[in-house]
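The block underneath contains the structure these notes are about, expressed in structure tokens.
Here, each number is a calculation from the coordinates, and none is a lab measurement. Model, not experiment: these values are computed from the prediction. Backbone-built Cβ (ideal geometry, glycine too); neighbour counts: all protein chains shown.
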Amino acid sequence: MSVHFDERSGVVSCTTPWGSWSQTMEEVFVEVRVTPGTLAKEIQCKLGSRDISLAVRGKDILKGRLFDSTISDEGTWTLEDRKLIRIILTKTNRDAGNCWTSLLEGEYFADPLIQDQMQKKLTLERFQRENPGFDFSGAEISGNYSKGGPDFSGLEK
């Protein structure tokens, strides 16, 4: 049985008032804590290519324009143990450099340290995909990620 890269390398998540969000090269994961005993029929969730809205018992929890586009018909949500909503969004742009700096435009930003950790994780994930058989889950990367990531132009494959 193969272990997924995230299971070996850990998840870098951004904490929010309602839960957290994290990302891989391909997907964005949103976890929303709700009152224990919540029923699926009490949840209204709409996942568009650039918009998201989540309400529980008529109260808006998350609503707005996503940081970047997603494939709307691949977005899903589930209710786990009647206390946690998990939303999975599939990124349209799946390049390692496409590290979302916030979940929504203007809201739920990753602080600079978390953003740097997210970008490093996506870069390691890219290395893992480009070099199957090597384990990059414990690797360390140094570089400046504030301008879209490090420059790899001088590296040989």
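Quick look at the numbers
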item	result
Extended-chain gain in nm, criterion 0.36 nm per residue less alpha-carbon gap, SER69 and ALA55	2.9 nm
Inter-label distance, nm, simple model (7 Å from Cα along the C-beta direction), ASP81/ARG94	3.1 nm
Segment GLN44-GLU105, extension gain: residue separation times 0.36 nm, minus the distance between their alpha carbons	19.9 nm
20 Å Cα-Cα threshold exceeded, pairs from LYS63/LYS91; LYS46/LYS91; LYS91/LYS121; LYS46/LYS120; LYS63/LYS120; LYS41/LYS83	LYS46/LYS120; LYS63/LYS120
Computed Rg/Rh of segment 5-129, alpha carbon atoms with Kirkwood Rh	0.96
